[in-house]
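These notes are about the structure you will find just below.
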Amino acid sequence: MARVAWAHLCDYAFLDATGKACLIGILSRILAPRVPTTLPRLFLAMEVHGEPHEGGALGLRLLRPDGGELFDVARPLDLGPTGHHLLITAMDNLLLPDFGPYSLDVRLAGQPLHAVALEVLRLPTPSGT
């Protein structure tokens, strides 16, 4: 059965010439002066392990702090002959309408695999203002 070995949200992610994952600006929370706030670009980088050629529809669903859904997308995934896959995907102009904890849920063939947390916190105002 497939499992997520690791998963991170970050400012930028790519594979180098040797196939190593390079992640810049790993984050689990952001500070915003107000909501809604927009992240111009956010990357999800993760490694999935399982049986050779295991696969199915890989689903990504972002849930708001109140449990409402912001998006739910799917794409095919095949773990190939080695039984692992490194996924790097970008989310552009991500609108986050609330302060609080969000959850990016990862599913494979409809089964939950992992959840990545992202919290939007209110930017503290300077004292005396």
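Quick note: the coordinates plus some simple rules give every number you see, no bench work behind them. These figures come from a predicted structure and were not determined experimentally. Note that we place each Cβ from the backbone using ideal geometry, even for glycine, and neighbour counts take in every protein chain shown.
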Task: Estimated distance in nm for a label pair at residue 23 and residue 73, the labels positioned 7 Å out from Cα along Cα-to-Cβ - done: 1.9 nm
Open item on the list: On a full-extension model of 0.36 nm per residue, what is the gain between residue 90 and residue 5, subtracting their alpha-carbon distance, rounded to one decimal in nm?
Closed with: 28.7 nm
TODO: Just add up the charged neighbours of residue 81: K/R +1, D/E -1, any other residue whose Cβ is under 15 Å from the Cβ of residue 81.
DONE: -3
TODO: Kindly put 28, 127 in sequence by how many other C-beta atoms sit within 10 Å of each C-beta, fewest to most.
DONE: 127, 28
Open item on the list: Going by Cα centres, segment 1-77 and segment 78-96 are how many Å apart?
Closed with: 7 Å
Task: Ranked packing of 36-43, 98-105, 74-81, most packed first, by mean Cβ within 10 Å - done: 98-105, 36-43, 74-81
- [ ] Considering only DSSP beta bridges where both residues belong to segment 3-122, give the percentage that are antiparallel (nearest 5).
- [x] 90 percent
